[in-house]
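So the structure is just underneath, and the comments pick up after that.
The values are calculated or read from the model by the stated rules, or taken from the named source; none is laboratory data. Keep in mind it's a predicted model, so treat the numbers as computed, not measured. FYI the Cβ positions are ideal-geometry reconstructions off the backbone, even for glycines, and counts take in every protein chain you see.
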Amino acid sequence: MPRQAEPGVVPAPGGLPVVGHLAAFHRDRLGFLDACRATGGPVVRLRFARPTYLLLEPEDIGHVLVSYGGYAKTDRLTDGRGQRAVGGGVLVAREDVHRDQRRTVRHVLSARRLERFGERVIAHTDRAIDGWPDGAPVDVSHAMVALARDVMLDVVFGAEDAEGRATIFAGIAERRRSLDRSAHSPFRFPGRLPLALRPRRRRAIEGLDGAIEKLTGGPDSVLTDLASANDTSAAGARDEAVSLGVAGYETVGQGLAWCLLAVTEAPEVLRRLREEVDLLGDAPPAASDLARLPYATACFEESMRLRPPSWIVVRDALREDTLPSGARLAPGARIYASQWVTHRDPRLHPDPERFDPERFLDDGHASRAVYAYFPFGAGPRDCIGRGLAMLEAALVLARVVQRTSFEPPAQPPRLDAGMVLRPAGGLPMVVRRR
């Protein structure tokens, strides 16, 4: 029997008996989403196990993401397994406790408090650059993720000795793998299933808590700030730090890799970026210089439009609702808002395949529809670490451009849309000292 038409909703193209669109989505996630965008929407229904809808209109996206109480993160993240993967941090907190936790973490991650970490970001960047071979290929994806990892271990946890850093990162990596499986597997894992079945992986997860406990009263870090907050327990500080570690470093790292690729492939953009950075002279950029680096910030923002590291946001409807476009959603409906789809929609971003940082300078901001761009999500559950991410990205980009140049890869990279959008097989680019 054919499905009854829903006002404002069009079906996704294709689909198979029984499995619907599940096979097509997992075979080529981005290609499938592109095909859904081409239907014109405004809402596209996907044939999954539960009613699932892809939103194409910025007004609908804002309505869902900004609503507090009407929509929630998928229970794959907030159920028992998600909580155990990340702890009780704000990343996976249920709606009834999220608001209070977020208030504390947002204070700790305010721009004023983060500026003191700028010198440490530059120090890690210089160490990374010093290790790159002059005139030889470097996997920029791996290099930038490794740099973001080192910044995270230092700034978030205050880990200084090699053994402590290795222990924390091993635990973070295993928790991240578990969260990735829970969030993106076509099958739902039982909540009581261990996070890791192999003994080595279990030991890595268990070792993380002990390593963090040793650092709670240690070097200056986000962790020590959280621990000293009046309404945060030691366990709460640990959970929030783990959330930042699990969620943050690869997103920033891959974002920087995509940005360096885009800048390298656009000679006029690179020339203008160099002119801006060279005004600093030989001095490394500092957090206090960010106001003098608007084009560097715009380059990173435009890169997140073109190749968004976080490429999809998932929400579940908690009650019946009607979207601004007219589509009606039943309780339990799953909602997709995709940065990949929205950021590359030619109705919202003319000539969307072109890398143009001007979109994010003053005139570009004014002409863009609200919620046509949401690289960190939006609303009360947007990325709590966006301030730290933008500080790190602008400083790293400026320092890398100040000290090096790259040659574009011989072949365009293939895209791998996992938990983060990354280049499949790496991103080899020849690096040269300036």
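Yes/no matrix, rows are residues, columns are (1) under 26 Å from Pro267 (Cα atoms); (2) touching a strand residue (DSSP E or B) at 6+ places or on another chain (Cβ under 9 Å):
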site	(1), (2)
Arg315	no, yes
His343	yes, yes
Pro350	yes, no
Arg354	yes, no
Glu358	yes, no
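The residue that is farthest from the chain's Cα centre (by Cα), counting only those in segment 335-366 that are of a type in the set (Lys, Arg) and under 17 Å from Pro42 (Cβ atoms), is Arg347. Among the residues of segment 6-58, count how many are in a loop (DSSP other than H, G, I, E, B), charged (D, E, K, R) and touching a helix residue (DSSP H, G or I) at 6+ places or on another chain (Cβ under 8 Å). The qualifying residues number 0. Candidates are the residues of segment 318-334 that are hydrophobic (A, V, I, L, M, F, W, C) and assigned to a loop (DSSP other than H, G, I, E, B); the one that is nearest to Pro357 (Cα to Cα) is Leu323. Select from segment 228-240 the residues that are modelled with pLDDT under 80 and of a type in the set (A, V, I, L, M) and write down the one among them that is surrounded by the most Cβ atoms within 10 Å (Cβ to Cβ). Ranking the candidates gives Ala229 first. Just so you know, in segment 40-58 the residues that are in contact with a Lys or Arg (Cβ under 6 Å, 6 or more places away or on another chain) and not aromatic (Phe, Trp, Tyr) include one that is surrounded by the most Cβ atoms within 10 Å (Cβ to Cβ), and it is Thr52. Within segment 280-338, the set of residues being among the basic types (Lys, Arg) and over 30 Å from Ala72 (Cβ atoms) comprises just one member, Arg292.
Going by what's in this entry, would Ala330 be described as over 22 Å from Phe374 (Cα atoms), without any contact (Cβ under 8 Å) to a residue 60 or more places away in the chain and not acidic (Asp, Glu)? No, not satisfied. Would you mind stating whether Val222 is of a type outside the set (Asp, Glu) and closer than 22 Å to Glu119 by Cα? So Val222 fits the description; yes.
Evaluating Ser243 against the criteria (1) crowded, with 20+ Cβ neighbours inside 10 Å; (2) outside any helix (DSSP H, G or I); (3) among the small types (Gly, Ala, Ser) leaves one unmet condition, (2). Only one of the numbered conditions (1) in a loop (DSSP other than H, G, I, E, B); (2) surrounded by fewer than 24 Cβ atoms within 10 Å (Cβ to Cβ) is violated by Asp225, and that is (1). Is one or more of the residues making up segment 335-344 surrounded by fewer than 18 Cβ atoms within 10 Å (Cβ to Cβ), out of contact with any Cys (no Cβ under 9 Å at 6 or more places or on another chain) and not in a loop (DSSP other than H, G, I, E, B)? Within segment 335-344, not a single residue is surrounded by fewer than 18 Cβ atoms within 10 Å (Cβ to Cβ), out of contact with any Cys (no Cβ under 9 Å at 6 or more places or on another chain) and not in a loop (DSSP other than H, G, I, E, B).
Entry remark, segment 297-319: residues being among the hydroxyl-bearing types (Ser, Thr, Tyr) and more than 17 Å from Leu261 (Cα to Cα) number 1 in total. Please count how many residues of segment 264-317 are within 20 Å of the chain's Cα centre (by Cα) and not in a strand (DSSP E or B). Final tally of qualifying residues: 17.
Condition test on Pro324, is it out of contact with any strand residue (DSSP E or B) (no Cβ under 7 Å at 6 or more places or on another chain) and either surrounded by fewer than 22 Cβ atoms within 10 Å (Cβ to Cβ) or free of Cβ contacts under 8 Å to residues at least 12 places away in the same chain (or both)? Yes: the conditions hold for Pro324. Across segment 59-72, the number of residues qualifying as of a type outside the set (A, V, I, L, M, F, W, C), touching a helix residue (DSSP H, G or I) at 6+ places or on another chain (Cβ under 7 Å) and buried (at least 21 other Cβ atoms within 10 Å of the Cβ) comes to 1.
Can you pull out the residues in segment 303-321 that are among the charged types (D, E, K, R) and free of Cβ contacts under 8 Å to residues at least 60 places away in the same chain? Within segment 303-321, just Glu320 meets the criteria.
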